[in-house]
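**Q** Provided herewith is a single structure, encoded as structure tokens, for subsequent inquiry.
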Amino acid sequence: MDLHLRDLRFFETVADLGHLGQAAEQVGRSQPALTKCIQRLELQIGSPLFERAGRGIRLTPVGEVLLARCRLLRAASDEVLREVRDFAQGSAGQVALGSGPIAAEHLVPELCRAVLADMPRVKMDVMVGPSFELRSLLRQGKLDLLVGLAVDSDPELVSHPLVEDVVVVAADRKHPVFERARVTMPALLDYGWALPSAHIPSRQWLDLAFSGRGLPAPDVKVESGSIALLPRMVERTQLLTFVSRHTLSLERGAALREVKLQATTLRRSLGVTHRRAGYLSPATQRVLKLLKQKGKSFFSP
């Protein structure tokens with residue numbers, strides 16, 4: 001006897017709600033119909049899927065296993081429908097794009113402009129956040145592409161480098177650090193800092209740059225999960241910060257100036273990343289090709 005996707009969908013709703021009556025109302029079926037659905041599945045599997053829990057019901061261990069498999073099957077069936085629909089629509093469709101903070105400032109606006117010009121029927125759904133957090137959504141298939149820090153050691157993901165990103169110490173142009181004849185790492189510790197949150201990779205790199213030389217960590221006066229806020233925070237203050245040169249170029253040097261010191265200069269690669277074995281819709285493939293061809297120019301100030 002074959003399992004029916006409809007029965008599995010009803011079972012999943014009952015499992016999520018823990019109540020037959022509520023599940024019947026949600027899916028637009030009678031409670032006896034859902035009871036028969038569960039009984040069919042239990043007969044096929046040869047084991048109870050639910051047990052009583054107060055006024056509701058809860059999954060048995062066998063039911064827990066079936067629920068996990070149901071979600072995998074539903075995701076797979078959704079992907080099949082999406083693939084067929086995308087091929088039917090050609091270049092139309094939706095692309096879920098994740099973007100790190102630097103790319104969100106520089107690349108994403110230009111990318112969206114180019115996509116709208118070349119593929120007017122494509123909808124771009126953009127989510128901005130730290131690259132390392134968005135990778136989890138990319139692995140789950142909730143994002144199609146991620147523009148941000150490139151990866152080179154993840155077997156599930158493939159990155160295509162676009163441009164080098166250089167992160168440097170910076171301060172307001174009138175900051176007293178620029179009055180020093182020579183800037184050293186110990187000298188930087190004489191000032192307060194405005195830095196990204198401790199879980200952000202650039203902040204971790206900076207902390208290690210100091211601790212690796214036997215120095216204490218910077219005295220952080222302002223900490224923010226939003227890297228884009230930092231340049232504004234340090235304008236006309238005595239604080240130092242750690243930002244991308246791309247951000248300094250976007251500001252066109254009007255407010256901030258780089259504190260040049262090789263020991264506090266982080267070089268890394270920004271790129272576009274996708275799942276190695278994941279399905280890429282025709283629209284996503286076209287956006288990926290556009291990024292490979294023109295991504296570097298999108299970063300130009």
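The values are calculated or read from the model by the stated rules, or taken from the named source; none is laboratory data. This one's a predicted model, so the numbers in the text were calculated from it and none came from an experiment. Here the Cβ positions follow ideal geometry from the backbone for every residue, glycine too, while neighbour counts run over all protein chains shown.
**Q** Check whether at least one residue in segment 3-25 is closer than 28 Å to Q140 by Cα, touching a Ser or Thr at 6+ places or on another chain (Cβ under 7 Å) and touching a residue at least 60 places away in the same chain (Cβ under 8 Å), and report yes or no.
**A** Yes, because at least one residue in segment 3-25 is closer than 28 Å to Q140 by Cα, touching a Ser or Thr at 6+ places or on another chain (Cβ under 7 Å) and touching a residue at least 60 places away in the same chain (Cβ under 8 Å).
**Q** Just to be sure, is L206 closer than 29 Å to G98 by Cβ, of a type outside the set (D, E, K, R), in contact with a helix residue (DSSP H, G or I) (Cβ under 8 Å, 6 or more places away or on another chain) and in a loop (DSSP other than H, G, I, E, B)?
**A** Details: closer than 29 Å to G98 by Cβ: yes; of a type outside the set (D, E, K, R): yes; in contact with a helix residue (DSSP H, G or I) (Cβ under 8 Å, 6 or more places away or on another chain): yes; in a loop (DSSP other than H, G, I, E, B): no.
No; evaluated as a whole, the condition is false for this residue.
**Q** If you don't mind, another one. With the structure loaded, tell me whether V147 is of a type outside the set (G, A, S), in contact with a His (Cβ under 7 Å, 6 or more places away or on another chain) and not assigned by TED's automatic domain parsing to the domain that holds E235 or whether it fails that test. Steps first, answer last, please.
**A** Working: of a type outside the set (G, A, S): yes; in contact with a His (Cβ under 7 Å, 6 or more places away or on another chain): no; not assigned by TED's automatic domain parsing to the domain that holds E235: yes.
Here the answer is no, as V147 does not meet what is asked.
**Q** Also, quick follow-up: Pairs, please: C-beta under 8 Å, at least 6 apart or cross-chain, first residue within 22 Å of Q285 (Cβ to Cβ) and touching a residue at least 60 places away in the same chain (Cβ under 8 Å) and in segment 62-83, second surrounded by 12 or more Cβ atoms within 10 Å (Cβ to Cβ) and of a type outside the set (A, V, I, L, M, F, W, C)?
**A** A75/G141; E79/G141; E79/Y279; R82/Y279; R82/S281; E83/Y279; E83/S281
Residues checked against (1) touching a strand residue (DSSP E or B) at 6+ places or on another chain (Cβ under 9 Å); (2) part of a strand (DSSP E or B); (3) over 17 Å from T264 (Cα atoms):
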residue	(1), (2), (3)
A117	no, no, yes
F132	yes, no, yes
G148	yes, yes, yes
E164	yes, yes, no
A171	yes, yes, no
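**Q** Name every residue in segment 28-52 that is under 39 Å from the mean Cα position of the chain (by Cα), surrounded by fewer than 16 Cβ atoms within 10 Å (Cβ to Cβ) and either closer than 16 Å to L17 by Cα or hydroxyl-bearing (S, T, Y) (or both), in order of residue number.
**A** Of everything in segment 28-52, those that are under 39 Å from the mean Cα position of the chain (by Cα), surrounded by fewer than 16 Cβ atoms within 10 Å (Cβ to Cβ) and either closer than 16 Å to L17 by Cα or hydroxyl-bearing (S, T, Y) (or both) turn out to be G28, E51.
**Q** Among the candidates K294, K221, K260, which residue alone is over 20 Å from the mean Cα position of the chain (by Cα) and outside the structural domain of R173 (by TED's automatic domain parsing)? So that I can check it myself, show each step before the final result.
**A** Working: K221 fails: outside the structural domain of R173 (by TED's automatic domain parsing); K260 fails: outside the structural domain of R173 (by TED's automatic domain parsing).
Only one candidate passes the filter, namely K294.
Residue-by-condition table, conditions (1) crowded, with 19+ Cβ neighbours inside 10 Å; (2) closer than 25 Å to W205 by Cβ; (3) not polar (S, T, N, Q):
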site	(1), (2), (3)
H106	yes, yes, yes
P109	no, no, yes
M119	yes, no, yes
E133	no, yes, yes
L149	yes, yes, yes
P161	no, yes, yes
D165	yes, yes, yes
A171	yes, yes, yes
R180	no, yes, yes
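**Q** Looking at segment 224-232, can you tell me whether even one residue there is assigned to a helix (DSSP H, G or I), of a type in the set (D, E, K, R) and in the same structural domain as H106 (by TED's automatic domain parsing)?
**A** Going through segment 224-232, the residues assigned to a helix (DSSP H, G or I) turn out to be 227-232.
Going one step further and asking which of them are of a type in the set (D, E, K, R), we end up with 232.
Right, trim to in the same structural domain as H106 (by TED's automatic domain parsing) and you get none.
Looking through segment 224-232, none of the residues is assigned to a helix (DSSP H, G or I), of a type in the set (D, E, K, R) and in the same structural domain as H106 (by TED's automatic domain parsing).
**Q** Do we have R232 as touching a helix residue (DSSP H, G or I) at 6+ places or on another chain (Cβ under 7 Å), without any contact (Cβ under 8 Å) to a residue 60 or more places away in the chain, basic (K, R) and farther than 30 Å from R276 by Cβ here?
**A** On the way: touching a helix residue (DSSP H, G or I) at 6+ places or on another chain (Cβ under 7 Å): no; without any contact (Cβ under 8 Å) to a residue 60 or more places away in the chain: yes; basic (K, R): yes; farther than 30 Å from R276 by Cβ: yes.
Spelling it out, it is not the case that R232 is touching a helix residue (DSSP H, G or I) at 6+ places or on another chain (Cβ under 7 Å), without any contact (Cβ under 8 Å) to a residue 60 or more places away in the chain, basic (K, R) and farther than 30 Å from R276 by Cβ.
**Q** Name the pairs whose Cβ atoms lie under 8 Å apart, with the first residue in segment 169-184 and within 17 Å of A263 (Cα to Cα), the second of a type in the set (S, T, N, Q) and part of a loop (DSSP other than H, G, I, E, B), and 6 or more positions between them or separate chains?
**A** Taking only residues 6 or more apart or on different chains, not a single pair turns up.
**Q** Restricted to segment 61-98, and to residues that are assigned to a strand (DSSP E or B) and either at pLDDT below 85 or of a type in the set (V, I, T) (or both), which residue is nearest to V128 (Cα to Cα)?
**A** Of the residues in segment 61-98, the ones assigned to a strand (DSSP E or B) are 93-98.
Checking the rest, the ones that are also either at pLDDT below 85 or of a type in the set (V, I, T) (or both) come to 93, 95.
On the way: G93: 20, V95: 14 Å.
Among those that are assigned to a strand (DSSP E or B) and either at pLDDT below 85 or of a type in the set (V, I, T) (or both), it is V95.
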